[in-house]
Amino acid sequence: MSTNQLDQKSQAWSALFSEPVSDLVKRYTASVFFDKRMWQADIAGSLAHAEMLAAQKIISQSDWDDIRRGMTQIRQEIESGAFEWKLELEDVHLNIEARLTHLVGDAGKRLHTGRSRNDQVATDIRLWLRDEIDLVYGLLRQLQLALLDIAARHADVILPGFTHLQVAQPVTFGHHMLAYVEMFSRDAERMQEVRRRVNRLPLGSAALAGTSYPLDRERVARTLDMDGVCNNSLDAVSDRDFAMEFAAAASILMVHVSRLSEELIIWMNQSFGFIDIADRFCTGSSIMPQKKNPDVPELARGKTGRVVGHLMGLLTLMKGQPLAYNHDNQEDKEPLFDTVDTVKDTLRIFVDLVGGITVKAEAMEKAALKGYATATDLADYLVKKGLPFRDAHETVAKAVRYAIGKGVDLSELPLNVLQEFHPDIAQDVYSVLTLQGSVESRQTLGGTAPEQVRYQIERHRTRLA
Ligand code: ARG
């Protein structure tokens, strides 16, 4: 075999095989057309490994120089699009290694000393995912800031709060938006926690058992900015729990986006008319000229299913695998890549979409006046006059029933009528029966009063600064 054997022959691994695999099998087993997107991680991992091999005198200084020079050129070739990815070379690892050997000869063939594609690929995914997590984290921060902005602009706007999707109590729009800030802040926290477990180094585990070369794994971990090494070689090359964890965190995040989407869609419905979404996120209908559809929220809700599906795929992929590495694991990449792409695109769009929401305060307040949303306030009023809560509840239920019969709101019943339900009701009742009185009274920490909302907005802004 020539020195360029790796990129010359039709299969990359060995002279052992007497029969070539069919084109279909080649395509079936190759991963280069998707895993090439990890090329930067692959080169970074190889450079850190080679630098350590030289420091440990496992390869010579001049081999290290050659490897570095070759990788610099490969990086340029990939960036410029000149790099020729070959299906025959199976994956990103063998493609880059073959090109390196072609460019620098024997030094390229020494790069793989004390390494296997098993610990190499596990390292690559972790490096790649770590950087993607940082991007997702940044986007989550932007989305929280966008939500805080709209919450601040409409901190006092009142809308009906629902339970069971029935009018329950009035809440402020700022408070409603802050609920999502809380959700996305936990998503960001989860991403940070997942990152700690992603950012550990498998290299040095070799194929499965470790290696007889005197590798300095801690040094490689430091070079790659990782938080330490994986401490069991069998585990390091085989488990993909970090990918499942990421997919789980991503799924929860998308479920939050999906809930927000559902609300935006409902609010945009003509029967509600609570908000409008900027035209750039909507499309029309080819048959109904009046239609403006909330496409982006609908698709975000739909794409949530696909991300949750990827989580299921990854869990199932791992389920039956014995230790250590199995080729099944190659199937971890596409779900992971698609999860990252979907989450990043969704967050980017939502940062902009949230900023472009028009709040229709009048429609919200009108709706809040409809469903006897201040009935609890009347009950609380009676409790403050000395009634046990259960009796107050009963009394107000009767008053609501009466008001429904008359087709009026509680606040529209004259004082003498209200007093028939309880003699202690006085003129001051009207201040609790108004929407403003109701929300302003809910001053518990984390409650809906505009004052509390402003306090929380400041707290979040300080946290995100
Ligand atoms: N393309 C493979 C993957 O993604 C790399 C590791 C292959 N190792 C092996 N021994 N075939 O998992």
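Below are the figures for this structure:
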| quantity | calculated |
| --- | --- |
| Condition met for L264 (under 24 Å from L159 (Cα atoms) and either surrounded by 13 or more Cβ atoms within 10 Å (Cβ to Cβ) or among the hydrophobic types (A, V, I, L, M, F, W, C) (or both)) | yes |
| Failed item in (1) open to solvent by less than 70 Å² (accessible area, probe 1.4 Å); (2) modelled with pLDDT of 95 or more; (3) out of contact with any helix residue (DSSP H, G or I) (no Cβ under 7 Å at 6 or more places or on another chain); (4) part of a helix (DSSP H, G or I), with T376 passing the rest | (2) |
| Some residue of region 409-420 being surrounded by 19 or more Cβ atoms within 10 Å (Cβ to Cβ), outside any loop (DSSP other than H, G, I, E, B), at pLDDT 95 or above and β-branched (V, I, T) | no |
| Restricting region 116-140 to residues that are over 14 Å from D341 (Cα atoms) and out of contact with any helix residue (DSSP H, G or I) (no Cβ under 6 Å at 6 or more places or on another chain), the residue that is farthest from the ligand (Cβ to nearest atom) | G138 |
| Tabulated pairs, region 322-350, first over 30 Å from A278 (Cβ atoms), second part of a loop (DSSP other than H, G, I, E, B) and within 16 Å of the ligand (Cβ to nearest atom), C-beta under 7 angstrom, 6+ apart or interchain | A324/L208; Y325/L208; D328/Q321; N329/R240; Q330/S31; D332/R240; K333/S31 |
| Complete set of residues in region 326-366 that are outside any helix (DSSP H, G or I), away from the ligand (no atom under 16 Å from the Cβ) and open to solvent by less than 40 Å² (accessible area, probe 1.4 Å) | G356, I357, V359 |
| Criterion (under 31 Å from the mean Cα position of the chain (by Cα) and modelled with pLDDT of 95 or more) met by exactly one of M52, M71, M38 | M38 |
| Any pair with Cβ under 8 angstrom, 6 or more apart, that starts in region 17-34 at a residue that is within 12 Å of the ligand (Cβ to nearest atom) and ends at one that is charged (D, E, K, R) and not in a helix (DSSP H, G or I) | T29/E90; A30/E90; A30/D91; S31/E90; S31/D91; V32/K86; V32/E90; V32/D91 |
| Residue list for region 143-174, filter: touching a strand residue (DSSP E or B) at 6+ places or on another chain (Cβ under 7 Å) and charged (D, E, K, R) | D156 |
| Restricting region 8-27 to residues that are under 15 Å from H112 (Cα atoms) and open to solvent by less than 90 Å² (accessible area, probe 1.4 Å), the residue that is modelled with the lowest pLDDT | A12 |
| Qualifying positions in region 75-102 - surrounded by fewer than 22 Cβ atoms within 10 Å (Cβ to Cβ) and away from the ligand (no atom under 16 Å from the Cβ) | R75, Q76, E77, I78, E79, S80, G81, A82, F83, E84, H102 |
| Residues within region 103-113 that are away from the ligand (no atom under 13 Å from the Cβ) and either in contact with a strand residue (DSSP E or B) (Cβ under 8 Å, 6 or more places away or on another chain) or open to solvent by 10 Å² or more (accessible area, probe 1.4 Å) (or both), tallied | 7 |
| Verdict on A41 being of a type in the set (A, V, I, L, M, F, W, C) and within 18 Å of D119 (Cα to Cα) | yes |
| Odd one out for R186 among (1) part of a helix (DSSP H, G or I); (2) under 18 Å from G446 (Cα atoms); (3) open to solvent by less than 10 Å² (accessible area, probe 1.4 Å) | (3) |
| Residue count, region 41-64 (criterion: in a helix (DSSP H, G or I), touching a residue at least 60 places away in the same chain (Cβ under 8 Å), more than 16 Å from the ligand (Cβ to nearest atom) and not hydrophobic (A, V, I, L, M, F, W, C)) | 1 |
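The values are calculated or read from the model by the stated rules, or taken from the named source; none is laboratory data. Just so it is clear, the model here is predicted, and its values are computed rather than measured. Neighbour counts are summed over all protein chains in view; Cβ atoms, including those assigned to glycine, are modelled from backbone coordinates with ideal geometry. To get the accessible areas, we keep the full protein, side chains included, count just its heavy atoms, and leave off ligands, DNA and RNA. Shrake-Rupley method; radii C 1.70, N 1.55, O 1.52, S 1.80 Å.
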